[in-house]
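None of the figures in this text is laboratory data; all of them are computed from the coordinates on show. These figures come from a predicted structure and were not determined experimentally. For neighbour counting, all protein chains shown are included, and Cβ atoms are generated from backbone atoms with ideal geometry for every residue, glycine included.
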Amino acid sequence: MGSPGSRAVGPPPDPGLLSLYDRALPEVYGYLLARCGQRALAEDLTAETFLAAVRTQVHGAAPLTVPWLIGVARHKLVDHWRRLEREQRGLRLLDGGDPHTEDPWDDELDTLRAQQVLEQLSPAHRAALTLRYLDDLPVARVAALLGRTLHATEALLVRARNAFRRQYESTEQAGGAL
Amino acid sequence: MTDPERPFRSLARPTTPTDPDPAFAAALRERLRRALLKQQAAHPTPTRSSPMSALAPYLIVRDARDALSWYAEAFGAHTVGDPYLDGDRIGHAEIEIAGATLYLADPYPEYGLDGPGDGKPPVSLHLSVPDVDAAMARAEAAGATVERPATDEPYGRGGRLIDPYGHRWMLQTSPADAGPAPKPGDAVYLTLNVPDGRRALDFYGAVLGWTAVPGRVPDGWQVEGPTPMIGLHGGQHDDTGVVPMYAVDDIEVAVAAVRTAGGEAGGIERQAYGLSALCRDDQGLPFYLGQLG
């Protein structure tokens, strides 16, 4: 404190977000790119994340940190998948399948192929699997982010794992040359 | 039996920082700089909601940035104005709790200013809260050490705790102050069911100057001051929006009347303040009945 005990100096404009920008940008962009796989989209979502931070910073609400920005980025990603899901709904039948049956599957996943398979799944399945496994979030947090009940989220995860497995195994049978 | 999740666990991926296209990085920085300037012009920084006393406690805390969120989490504090940054340290910050102002700063050993350390702090902060048990539980869950659990005393129910920065807080709920008793039919309490209670508190804090203390449920907040009393409840709700509570003399009679009139009434529950029942009118609008005292 410049003048301890007294009402301090007139505060200079808070450099908060801009001073954090250089360090936070690769983290936020890296997080988004690894999960959405497309450069242009990752750039759009990165911009949305930082602009949202500008709005909250004005209210002095949350202290700005990289983990906080990643949390905002995660919300932006979920919003994106939700928009996509809305656009695609009606174009395809909702995948059926009993959400309570799941055959045991004990495969060692190839990370690169897993990423390609994820990109072919429906936005809802992709969102659920990404949050649960790539981000390693507990099911309750996944449910809160997706705006679903815990029960519905568990059922969604079972369906998503089944869909993932079908897709993964079909690319395998195709000769693995993908 | 095989764990169906097992193959998926190998997908966990920590964030790998990736530098974007430098042109994109520079353009976004410029966009942010302009957005910040525009915002700062449009919204002056938040100001305190009540006149400031001439006497304000000035707390030295290790990691003042962390402390700002801790006091927000535990006691519903909100930051007033922009903290004064001094390199990595916060040189000065102001928070408002229950209408009172506290100053905070990181330690400045070069000026002889340091936190309380491990010794017993000789000065305590006394905070009146609507529900001392809820406030103590909340603070303890957030990392405070309870020095003395809440007990009933002639002057009210109170307890003591040491926050993670070494400062002692005495929390107390005064015995119900005798205002005029509500008349049957008065709206005595409003519950705002919102997806995110903390965010609602920030919004109404900015618009109406509300301050609040944590309630007895997660992301529940008791707003201080307004009449009727107001609570914020964050989370998933069947009914997002405002649910009023109306005072009644005899809740069993009132519940029967709800059903006779074509509404629905849930069970009568005992609360700290009396008896309550969640009802719906014959058009589906939710409300509580409350028999107070």
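Around the amide H of residue B:125, modelled in the peptide plane, lie the amide H atoms of B:168, B:169, B:170, all under 5 Å away and 5 or more residues distant in sequence or on another chain. Take each residue of peptide B:193-205, count the partner chain Cβ atoms within 10 Å of its Cβ, and average: the result is 1. Can you tell which of A:50, B:90, B:59 lies farthest toward the positive end of the dipole of the protein assembly as shown, using +1 and -1 charges on the Cβ of basic and acidic side chains (Lys, Arg; Asp, Glu)? Of the listed residues, the answer is A:50. Dividing the mean sequence gap of close Cα pairs (under 8 Å, 6+ apart) by how many residues the range B:224-292 holds gives a relative contact order of 32 percent. From helices alone, the protein assembly as shown scores -12500 deg cm²/dmol at 222 nm; the rule is -39500 (n - 2.57) for each run of n ≥ 4 DSSP H residues, then divide by the residue total. Inter-chain Cβ neighbour count for A:43-49, averaged per residue, equals 2 (cutoff 10 Å, partner chain atoms only).
Amide H contacts for residue B:196 (H built 1.01 Å from N in the peptide plane; partners 5 or more residues away or on another chain; cut-off under 5 Å): B:235.
When a/c is below 1.5 the answer is rounded, else prolate if a/b is larger than b/c, else oblate, so apply that to the range B:69-220 with a ≥ b ≥ c taken from the square roots of the Cα gyration tensor eigenvalues. Cα axes put the range B:69-220 in the oblate bin.
For the range B:265-272, 3J(HN,Hα) computed residue by residue from phi via the Karplus equation (6.51, -1.76, 1.60; θ = phi - 60°) reads 10, x, x, 7, 10, 7, 10, 4 Hz, glycine and proline entered as x. Each peptide in B:119-130, A:143-154 receives the mean, over its residues, of other Cβ atoms within 10 Å, and ordering these scores from highest gives A:143-154, B:119-130.
Legend: mean number of C-beta atoms from other chains within 10 angstrom of residue C-beta atoms, peptide B:131-144, equals 0.
The angle between the Cα long axis of helix B:132-141 and the longest principal axis of the Cα atoms of chain B comes to about 40 degrees, rounded to the nearest 10. Derived scalar couplings between HN and Hα for the range B:155-166 equal 8, x, 9, x, x, 10, 8, 10, 7, x, 9, x Hz in order, rounded to whole Hz, by the Karplus curve 6.51 cos²θ - 1.76 cosθ + 1.60 (θ = phi - 60°), x for Gly and Pro. Applied to the range A:151-167, the Karplus parametrisation 6.51 cos²θ - 1.76 cosθ + 1.60 on θ = phi - 60° returns per-residue 3J(HN,Hα) values of 4, 4, 5, 4, 5, 4, 5, 5, 4, 5, 5, 4, 5, 4, 5, 4, 5 Hz, with x for Gly and Pro. The residue list B:80, B:172, B:191 was ranked by how far each Cα lies along the charge dipole of chain B toward its positive end, using unit charges on Cβ atoms, and B:80 comes out on top.
Quick one: grab the alpha carbon gyration tensor of the protein assembly as shown, order the square roots of its eigenvalues as a ≥ b ≥ c, and give me rounded if a/c is under 1.5, else prolate or oblate depending on whether a/b is larger than b/c. Cα axes put the protein assembly as shown in the oblate bin. So, in nm, how far is label residue B:152 from label residue A:116 when the simple model puts each one 7 Å beyond its Cα toward the Cβ? Modelled inter-label distance: 7.1 nm. Below 8 Å between Cα atoms, with a sequence gap of 6+, how large is the relative contact order for chain B in percent? Relative contact order, chain B: 12 percent.
Here's how it looks for residue B:189: its modeled amide H is under 5 Å from those of B:245, which are all 5 or more places away or on a different chain.
Between residue B:55 and residue B:199, the modelled label-to-label distance comes to 4.1 nm, taking each label 7 Å out from Cα in the direction of the beta carbon.
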